[in-house]
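Computed from the coordinates by the stated procedures, all read-outs in this text should not be read as laboratory data. All figures in this text were calculated on a predicted structure; none of them were measured in a lab. All Cβ positions, even for glycine, are placed from backbone atoms using ideal geometry, and neighbour counts span all protein chains on display.
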């Protein structure tokens with residue numbers, strides 16, 4: 001059986017291959033894990049200049065109120081996410097979570113208010129389930145449409161603004177989480193000032209047939225290199241950002257995952273629109289009484305990377321297991337191994353000494369403040 | 001005598017001791033290494049045993065003992081600077097020296113032409 005033939009291709013597949021990408025299966029797609037520069041250099045280039053990522057495997061969904069009133073779509077979305085959607089102004093985007101009835105996380109996503117509809121970006125591995133979830137719960141009041149004819153790219157790094165400004169002069173006026181329609185070389189695009197690397201940057205939704213042309217214009221710029229999923233992972237880890245399926249999933253709640261910041265006061269107990277989302281009792285209960293475990297950053301003493309699912313112990317002999325690592329590897333920008341994992345709340349204070357099991361040894365690690373690398377968002 | 005394994009190690013054998021490293025092909029596939037863990041001098045391995053570990057940003061990989069033998073020397077330079085393995089995998093980036101239990105076993109390994117055919 002030819003497994004490769006079952007994999008989907010993004011609109012930028014041919015471009016990725018022509019750039020020398022090493023393609024791997026990821027979430028049902030054939031995706032570039034790295035380009036000839038390699039993960040280490042791609043990571044450092046993104047933090048120093050600008051990196052271009054193909055993230056077209058992610059799901060792009062339009063939610064439009066049947067009434068024509070976008071407030072109805074906002075209220076409908078609020079029935080599925082513990083986030084202030086109704087208070088999200090036009091032209092702004094916000095991080096959100098689909099929660100389950102037990103308070104677990106079904107997916108993390110971005111929601112943008114586009115004036116007459118909401119534009120939602122979800123993870124590739126969850127997009128079919130997310131789409132079904134949205135249709136099942138919102139179709140009475142909203143039209144839910146998956147956009148299958150658009151690419152999604154991210155341009156990230158300190159030079160992203162300058163590079164994109166050469167294509168579209170107005171971009172410098174955008175601040176973090178602003179969303180606008182724009183015309184890039186005759187392509188009808190949606191640009192948001194956001195990303196998942198901890199760097200300033202942009203995500204751009206492009207009609208599939210124009211995507212390669214826009215990317216080639218960006219890649220013509222000497223500051224821009226194509227970046228694969230390998231560096232995307234090390235960049236988001238250093239930025240302390242969760243990878244769905246590793247750091248958050250149906251068995252972790254937003255409070256356990258230290259994502260309380262994503263739940264605005266208006267949706268918490270005492271807020272005007274408190275609760276009303278799946279798992280509200282469990283999640284708001286944890287706001288009140290605390291969770292038993294918490295996602296933390298971990299700095300590793302030595303040079304050996306600590307990778308998931310390494311077990312964590314409170315003692316150097318591996319007798320008292322207290323948790324496990326959910327993401328981990330080498331952080332090229334801090335030139336040291338870094339990890340994230342879940343530990344009991346009592347052991348979650350920065351500076352707490354723990355031990356991670358790697359190949360039968362118990363390596364000292366220290367609970368650290370996230371992010372490992374300060375973010376450079378233009379707020 | 002220069003020999004290779006299908007697991008992408010090379011062996012330079014001289015007087016019953018094999019200097020062992022990973023091939024240029026393997027180094028390219030692994031990408032920039034950020035961590036190397038070597039065996040202890042004096043430890044013994046059977047053919048195929050996990051003798052060393054290399055890690056790139058993305059993943060950890062094992063380096064196997066290509067034959068039965070005892071570690072008589074390790075290359076601390078690649079522990080201090082793992083990038084040596086990428087820049088000179090079949091020279092300064094060697095891993096360890098293995099005193100072979102049966103030197104004749106090396107005859108069964110791949111020669112350079114056979115290895116090149118294997119990796120295309």
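A few notes on this one:
- Partner shielding of A:358-366 amounts to 1, given as the average count of beta-carbon atoms from other chains within 10 Å of each residue beta-carbon.
- Normalised convex hull volume, segment A:97-139, alpha-carbon set, Å³ per residue: 77
- Once you divide the Cα radius of gyration of segment A:33-173 by 2.2 N^0.38 Å, the number left is 1.19.
- Sorted largest first, the principal axis extents computed over the alpha-carbon atoms of segment A:108-228 equal 48, 29, 28 Å.
- For segment A:292-379: span of alpha carbons on each principal axis (Å, largest first): 46, 29, 19
- Note: relative contact order over segment A:292-379, using C-alpha pairs below 8 Å and six or more positions apart, is 36 percent.
- Highest mean packing comes first when the peptides A:266-278, A:304-316 are listed by Cβ atoms within 10 Å, giving A:304-316, A:266-278.
- Our analysis of the protein assembly as shown gives Rg over Rh at 1.02, with the two radii drawn from alpha carbon positions and Rh computed by the Kirkwood formula.
- Shielding by partners - mean other protein chain Cβ count within 10 Å, residues of A:33-45: 3
- The alpha-carbon atoms of segment A:225-275, seen along their principal axes, cover 47, 25, 14 angstrom, with the largest extent given first.
- Binned Cα-Cα distance frequencies in chain B - 10 Å width, integer %: 15, 50, 32, 3
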